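One structure is given below, encoded as structure tokens.
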Amino acid sequence: MKESVVVIPTYNEIENIVAIIRKVFSLPLPFHVLVVDDGSPDGTAEAVMHLQAEYPDRLFLEQRKGKLGLGTAYIHGFKYALKAGYQYIFEMDADFSHNPEDLVALHDACAVDGFDMAIGSRYSSGVNVVNWPMSRVLLSYFASRYVRLVTGMPIHDATAGFKCYSRKVLETINLDRIRFIGYAFQIEMKFLTYKFGFKIKEVPIIFTDRARGQSKMSKGIIKEAFLGVIQMKLDSYFRHFTR
């Protein structure tokens, strides 16, 4: 069985994608990378295809037509990874806001320490965010506090998008029932992992805002997350979480 694959969703990440892939492949563990590109007009997919000649057995590309949303990109990647037989499946941004070197710590939390999900956490040991304006830090921090209050999850960084799943988590969660496509997707995946009784560990990281390219955050994404948490909690009262 293949061990570890890092799923990286992209839309217009030509300024970052080659460097982030090379950095992952420089790590001491033999990670594979799956890029899920949503029809980037800037040539992101073409840059990945060019690199595939250099890393034919470690770098994979899935292209989708149009910008279909972060959550659906990850679900596409998760299904690909499960079908390909990977044991550990990672989420990571393409823009270096997540330090690829932290992949090793997330891997070890699952593969060595026996946790089912490892979260690269900005808030489990204070506030570890670099280069964000204070308004963005406060929004993110209190969003996680809000999620923790509503859902009861003992997780400090509920909106984190840097994670490792063991395959049994993704096999247990019905990926076809995931409803959210923006940042609420990150909350929903953690909530379902928690409700199914899997072991979760927060691994402290330092999050650094992107230096190149454009953020994909929008008011619609924030609204989806705020209202979605309440709906998600209500729906959980009518669902059985057994595995």
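The values are calculated or read from the model by the stated rules, or taken from the named source; none is laboratory data. Quick caveat: nothing in here was measured; it's all calculated off a predicted structure. As a convention, Cβ positions derive from the backbone with ideal geometry for all residues, glycine included, and neighbour counts pool all protein chains shown. We work out accessible area using only protein heavy atoms, side chains counted, and drop any ligands, DNA or RNA first. Shrake-Rupley method; radii C 1.70, N 1.55, O 1.52, S 1.80 Å.
Of all residues being small (Gly, Ala, Ser) and either touching a strand residue (DSSP E or B) at 6+ places or on another chain (Cβ under 9 Å) or part of a helix (DSSP H, G or I) (or both) in the range 1-28, which is surrounded by the fewest Cβ atoms within 10 Å (Cβ to Cβ)? Just the residue, please. If we take residues in the range 1-28 being small (Gly, Ala, Ser) and either touching a strand residue (DSSP E or B) at 6+ places or on another chain (Cβ under 9 Å) or part of a helix (DSSP H, G or I) (or both), then Ala19 is surrounded by the fewest Cβ atoms within 10 Å (Cβ to Cβ).
Tell me, yes or no, whether the range 79-92 has at least one residue that is acidic (Asp, Glu), at pLDDT 95 or above and over 20 Å from Glu13 (Cα atoms). Outline the logic, then answer.
Going through the range 79-92, the residues acidic (Asp, Glu) turn out to be 91.
From what's left, at pLDDT 95 or above: 91.
Keeping just the survivors that are over 20 Å from Glu13 (Cα atoms) gives none.
Within the range 79-92, not a single residue is acidic (Asp, Glu), at pLDDT 95 or above and over 20 Å from Glu13 (Cα atoms).
What do you reckon, is Ala143 open to solvent by less than 60 Å² (accessible area, probe 1.4 Å), modelled with pLDDT under 90 and outside any strand (DSSP E or B)? Break it down stepwise before answering.
Numbers: open to solvent by less than 60 Å² (accessible area, probe 1.4 Å): yes; modelled with pLDDT under 90: yes; outside any strand (DSSP E or B): yes.
When the stated conditions are applied, Ala143 passes them.
Among residues of the range 122-143 that are at positive phi, those with a Cβ under 7 angstrom from a residue that is not hydroxyl-bearing (Ser, Thr, Tyr), sequence gap 6+ or separate chain, pair up as Asn131/Asp209.
I'd like to check something: does the range 110-132 contain any residue that is open to solvent by 30 Å² or more (accessible area, probe 1.4 Å), touching a Lys or Arg at 6+ places or on another chain (Cβ under 8 Å) and acidic (Asp, Glu)? Yes: the range 110-132 contains one or more residues that are open to solvent by 30 Å² or more (accessible area, probe 1.4 Å), touching a Lys or Arg at 6+ places or on another chain (Cβ under 8 Å) and acidic (Asp, Glu).
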